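Since the structure comes first, as structure tokens, the remarks are kept for the end.
No lab work stands behind these numbers, since they all come straight from the coordinates. Not measured: the values here are computed from a predicted model.
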């Protein structure tokens, strides 16, 4: 069967996510508040094992969600699933020491951002953050 470009577009159009640019100051303020919370966790609460290890990972997916929602009008469920996939990909990249492969071994900031050790518990924390986001969006829609 032979396809031309327009046929391919017709087949693919069902899989395209529509993205509308729209600034939402409430989501932006929430993202800023979560960002400062993450900075506080990383700097002042670094000795509190549970908060640093688990709560920070739960909050990071929520931070990413609200930051993206501050600028784009994207379907919430699709965004949450995309963030979970993205977070898991970054975590699996840590297994292969991706940050070091990119040459960031001596760049402390990039090592913190990209991470340097793989953990299944991190993936569970990302999943928990996404579940919290699903619950928040469900409550908001009712």
Original post:
Any idea what Rg and Dmax come out to for the chain if you just take the C-alpha atoms, in Å?
Top reply: 18.0, 62
Original post:
Once the Cα atoms of helix 56-71 and of the chain are each reduced to a long axis, what angle between those two axes, in degrees from 0 to 90 to the nearest 10, is obtained?
Top reply: 40
Original post:
Taking the convex hull of the alpha carbon atoms in the stretch 59-142, what volume per residue do you get, in Å³?
Top reply: 92
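Out of all Cα-Cα pairs in the stretch 19-72, roughly what percent, to the nearest whole number, are more than 16 Å apart? Provide the component values of the computation, followed by the final result.
On the way: 610 of 1431 pairs.
It works out to 43 percent of all Cα pairs.
On alpha-carbon atoms, Rg over Rh for the stretch 68-107 using Kirkwood Rh? Before the final figure, lay out the partial values.
Details: Rg = 14.0 Å, Rh = 11.9 Å.
Here Rg/Rh amounts to 1.18.
Per residue of the chain, what 222 nm ellipticity follows from adding -39500 (n - 2.57) for every DSSP H run with n ≥ 4, rounded to the nearest 500?
Helix contribution divided over all residues of the chain: -21500 deg cm²/dmol.
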